[in-house]
Amino acid sequence: MPQCTDDKNCNCKTECDGIIEREDIDGSCCDNLKCCKPCADTLQCTSRNGTCQASCGENENATDTACCNGLKCCEMPLCTDDTNCNCKTECDGVIEGHDRGGFCCNNLKCCKPCTGVCGGNFTELTGSFSSTNYPCNYPTDQDCFYIISVPVGHTVTLTFRTFFLEPPALIEFDIVDIYDGESVNDPLLLHLTGGPLNGTTVQSTANKVLVRFQSDFLGDFPGFDVNYIATITG
């Protein structure tokens, strides 16, 4: 029989790693090895999606669960506000509006300053624009032209981060039309109304795109916020 038998509950090693296991002085290992056993408290930390660290990061919470060797059990917050949002119960609707593309914890609303003019020209390879006063409700009687012009050999992909116009009844009141070119005489790529239609995308075949936004004389709604990116064809 061997003169020494390891404790069957030990993981016998030269050194215990000190993060997920600690040395158990009551255990016994041969050849002067250390009896290493899992840290029960550390396992409890990982079961809560935490990690044992010397100190917690800026966006992490130190929980009441201990870790081996004095380390802290750090968990990411369950919810993180969009850093671009002013999170409030209600947006005032005058100088700031509810941006439905943003995110706030605790069912608060993502409030952002109301910006945006009627129409514009865009020549960068990436960009964004929005309906007048977005994220506040757009005014009545709008007829806005947004023209994207990128170098020849590129196409344009638009993604409506948010889209919510007046719902159509028997007739369509407020609309967005996207043309495969720089005028309303070019092919119509997409006709949008109503909503919400968040996440809608459309791609051109030309290097120029016209987005036309029209609103009638009644009612107002949140409008739209769109990102675009140009890519080389072929």
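Read the figures in this text as sums done on the coordinates, not as results from a lab. Predicted, not measured: the structure shown is a model, and the values here were computed from it. Virtual Cβ from ideal backbone geometry, glycine too; neighbours counted across all protein chains shown.
Can you find, among L165, C118, P196, the residue farthest towards the positive end of the dipole of the chain? Put +1 on the C-beta of Lys and Arg, -1 on that of Asp and Glu.
Most positive-ward Cα: P196.
What is the distance, in nm, between label points placed 7 Å from the Cα along the Cα-to-Cβ direction at T205 and at T126?
It works out to 2.8 nm between the two label points.
Let me make sure I get this right: for the chain, a, b and c are the square roots of the gyration tensor eigenvalues over alpha carbons, sorted descending. Under 1.5 in a/c it's rounded, otherwise prolate if a/b > b/c, else oblate. Which is it? Walk me through the numbers before you get to the answer.
Values: a/c = 4.49, a/b = 2.66, b/c = 1.69.
Here the chain falls in the prolate category.
At a Cα cut-off below 18 Å, give the lysines reachable from K34, other chains included and same-chain residues fewer than 8 away excluded.
In chain and number order, the partners are K8, K13.
Pull out a ≥ b ≥ c, the square roots of the eigenvalues of the alpha-carbon gyration tensor of the stretch 115-232, then state rounded if a/c is under 1.5, prolate if not and a/b is larger than b/c, and oblate in the remaining case.
On the way: a/c = 1.89, a/b = 1.68, b/c = 1.13.
Prolate, because a/c is 1.5 or more and a/b exceeds b/c.
What is the distance, in nm, between label points placed 7 Å from the Cα along the Cα-to-Cβ direction at T231 and at M76?
In this crude label model, T231 to M76 measures out at 2.7 nm.
What spacing in nm lies between the two simple spin-label points modelled at T140 and H191, each 7 Å away from Cα in the Cβ direction?
2.5 nm
Decide, for the stretch 151-207, between rounded, prolate and oblate: order the square roots of the alpha carbon gyration tensor eigenvalues as a ≥ b ≥ c, take rounded if a/c falls under 1.5, and otherwise choose prolate if a/b is larger than b/c, else oblate. List each step's numbers first, then the result.
Numbers: a/c = 3.83, a/b = 1.70, b/c = 2.26.
Cα axes put the stretch 151-207 in the oblate bin.
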